[in-house]
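The values are calculated or read from the model by the stated rules, or taken from the named source; none is laboratory data. Small disclaimer: the values here were computed from a predicted structure and weren't measured. Cβ coordinates were reconstructed from backbone atoms using ideal geometry, including for glycine residues, and neighbour counts include every protein chain displayed.
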Amino acid sequence: MTARLFLPDVLLFAGEPRAGWALLAREGRIGAVGPAAELLARYPRAARVPLPGMALTPGTVNAHSHSFQSLWRGLGDDLPFPRWRDVLYRLAPRLDEEGAYTGALFAFAEMLLRGVTTVCDFFYLHHGGNERALAVAQAARAVGIRLVLARAMMDWPAAPRAFRETPEQAVDNTRALAAALQGDPLVSVIPAPHSPHAASAAMVRAGALLAAELDTPWHVHVAEAPYEGEETRRRTGLGPLAWIAALGVLDRRVRVVHGVWLDREEIWSLARVGGGLVHCPGANLFLGDGVAPLALYRRAGVTIALGCDSGAANNRLSVFDEMRLAAVLQKGLSGRADAVTALEVYHWGTRNGAHATGLPVGELAPGRYADLVALDRHDLSLQPAHNLLHNLVYAMQPTAIRHVWVHGEPVVRDGRLVRVPEEQIRERVERLIRPWRPGPSPC
């Protein structure tokens, strides 16, 4: 793999703009970062990537996604959650391998165009095997995004049969999927017991133990909406995270997705074990779930990452959008403009993605993956140029995202996908969803 020397006007190093700095990428990782003159002298044979007028930032990390749900964006909008879920349960089991591939290709392409270079896709369309999960992995390779496949583990009797497995089946299938993808430079696998309401005690324990075996984090939906805590307390006398703790598996590997309705003690218990929160502000608002009490999480010292959730539950797939939303929500709720800073939420969407995924992502630092985004400094949304980081978090529009690299390779150039034409993706999606639509297709 050719060593490349990236030469932007400005490079965001730990969130601080460094004018005249450069970055060396080789074999998919960042080899060096520093003043351009020094790197040009040290690496005279590296291929030069001049980026005049550009600011280089780490690619963002979407720490929670359901890629296939992008296919029914618009079908469940403005519905109460049970009716929104009915749409999901009616359509999701219909997707074969080709459908799972198309949904993932669609979602991952949109993410890349919005500066997402790593996504954790919480995937549960199993039908008793891994064929659809492998199709999602193939879609990630096709467009060039880095994928953490959070293979869901679910045994809730009310869920569609396509989603359900026994704990033994879930462990065997997740272990087999991890083995099949071992050594893939772009795709890795982690266990993901679905939630306290959709995964039994045996299933949650199995997921946590498998994460220890695979040496990965494990993800679990917890306390997304009030009903889950109410149901868990009725059934067990404990809150949802307290119930997981009572199982003996609340550990440093756990990453709680949503965590909107955890109580103070549950939040502190998560902090004590070194677990993390994946905060999905857009989806939590869109579905009417509420707002996570981030002041408590921050006070306890919980590591926070950001997730977009799905194209049908947000409905945007931009971590840059989630940064802004996370910040302004906390400012508004607290009545304090200094409640959360631009630098904090920038780290939530970039650097803290390493904690959420277990991968060396989200920083322009030696040893990290060379996942990069070049921003047009002259875009009007980044003007006036008083403070680049503040403009990036609070003002930037997608028009500023010009080029994207994953593993050191170009995947977006001049605002267009490099590997798969957008027209081809649109056509695939249209062919797939046409039978779902009554009457003639809209113009």
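What the table shows:
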{"read-out": "Hits in the stretch 356-381 - residues which are surrounded by 15 or more Cβ atoms within 10 Å (Cβ to Cβ) and free of Cβ contacts under 8 Å to residues at least 40 places away in the same chain", "value": "ASP379, SER381"}
{"read-out": "Residues satisfying the stated conditions in the stretch 340-355, i.e. in contact (Cβ under 8 Å) with a residue 60 or more places away in the chain and in a helix (DSSP H, G or I)", "value": "LEU343, TYR346, HIS347, TRP348, GLY349, GLY353, ALA354, HIS355"}
{"read-out": "All positions within the stretch 387-438 that are polar (S, T, N, Q) and assigned to a loop (DSSP other than H, G, I, E, B)", "value": "ASN387, GLN397"}
{"read-out": "Among (1) surrounded by fewer than 23 Cβ atoms within 10 Å (Cβ to Cβ); (2) in contact with a Phe, Trp or Tyr (Cβ under 6 Å, 6 or more places away or on another chain); (3) at pLDDT 95 or above; (4) of a type outside the set (Phe, Trp, Tyr) - the single one PRO44 does not satisfy", "value": "(2)"}
{"read-out": "Filter result for SER195 (at pLDDT 95 or above, over 20 Å from GLY229 (Cβ atoms), surrounded by 20 or more Cβ atoms within 10 Å (Cβ to Cβ) and not hydrophobic (A, V, I, L, M, F, W, C))", "value": "no"}
{"read-out": "Single residue of ALA100, ALA32 found to be free of Cβ contacts under 8 Å to residues at least 40 places away in the same chain and touching a helix residue (DSSP H, G or I) at 6+ places or on another chain (Cβ under 8 Å)", "value": "ALA100"}
{"read-out": "Residues of the stretch 53-105 that turn out to be assigned to a helix (DSSP H, G or I) and of a type in the set (D, E, K, R), as a count", "value": "7"}
{"read-out": "Where GLY259 falls short, out of the listed (1) touching a strand residue (DSSP E or B) at 6+ places or on another chain (Cβ under 8 Å); (2) in contact (Cβ under 8 Å) with a residue 40 or more places away in the chain; (3) buried (at least 22 other Cβ atoms within 10 Å of the Cβ)", "value": "(2)"}
{"read-out": "Considering residues of the stretch 275-319 that are among the hydroxyl-bearing types (Ser, Thr, Tyr) and surrounded by fewer than 24 Cβ atoms within 10 Å (Cβ to Cβ) only, the residue nearest to THR117 (Cα to Cα)", "value": "THR303"}
{"read-out": "Residues of the stretch 402-416 that turn out to be under 19 Å from the mean Cα position of the chain (by Cα) and either in the same structural domain as ARG324 (by TED's automatic domain parsing) or surrounded by fewer than 23 Cβ atoms within 10 Å (Cβ to Cβ) (or both), as a count", "value": "1"}
{"read-out": "Yes/no for LEU39 being crowded, with 17+ Cβ neighbours inside 10 Å, in contact with a helix residue (DSSP H, G or I) (Cβ under 7 Å, 6 or more places away or on another chain) and either free of Cβ contacts under 8 Å to residues at least 60 places away in the same chain or in a helix (DSSP H, G or I) (or both)", "value": "no"}
{"read-out": "Those residues of the stretch 320-332 which are closer than 24 Å to LEU105 by Cα and surrounded by fewer than 24 Cβ atoms within 10 Å (Cβ to Cβ), in sequence order", "value": "ASP321"}
{"read-out": "Test: residue in the stretch 387-398 that is at positive phi, within 19 Å of the chain's Cα centre (by Cα) and surrounded by fewer than 21 Cβ atoms within 10 Å (Cβ to Cβ)", "value": "no"}
{"read-out": "Boolean, THR174 is of a type in the set (Val, Ile, Thr), modelled with pLDDT of 95 or more and surrounded by fewer than 22 Cβ atoms within 10 Å (Cβ to Cβ)", "value": "no"}
{"read-out": "GLU97 being assigned by TED's automatic domain parsing to the domain that holds ALA135, buried (at least 20 other Cβ atoms within 10 Å of the Cβ), modelled with pLDDT of 95 or more and not basic (Lys, Arg)", "value": "no"}
{"read-out": "In the stretch 172-197, residue farthest from ALA133 (Cα to Cα) [restricted to those that are out of contact with any strand residue (DSSP E or B) (no Cβ under 8 Å at 6 or more places or on another chain) and touching a residue at least 12 places away in the same chain (Cβ under 8 Å)]", "value": "HIS197"}
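Results for (1) surrounded by fewer than 18 Cβ atoms within 10 Å (Cβ to Cβ); (2) under 16 Å from ALA356 (Cα atoms); (3) of a type in the set (Lys, Arg); (4) not assigned by TED's automatic domain parsing to the domain that holds VAL254, shown as yes or no for each residue.
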residue	(1), (2), (3), (4)
ARG132	no, no, yes, no
ALA140	no, no, no, no
GLU165	no, no, no, no
ALA206	no, no, no, no
PRO217	no, yes, no, no
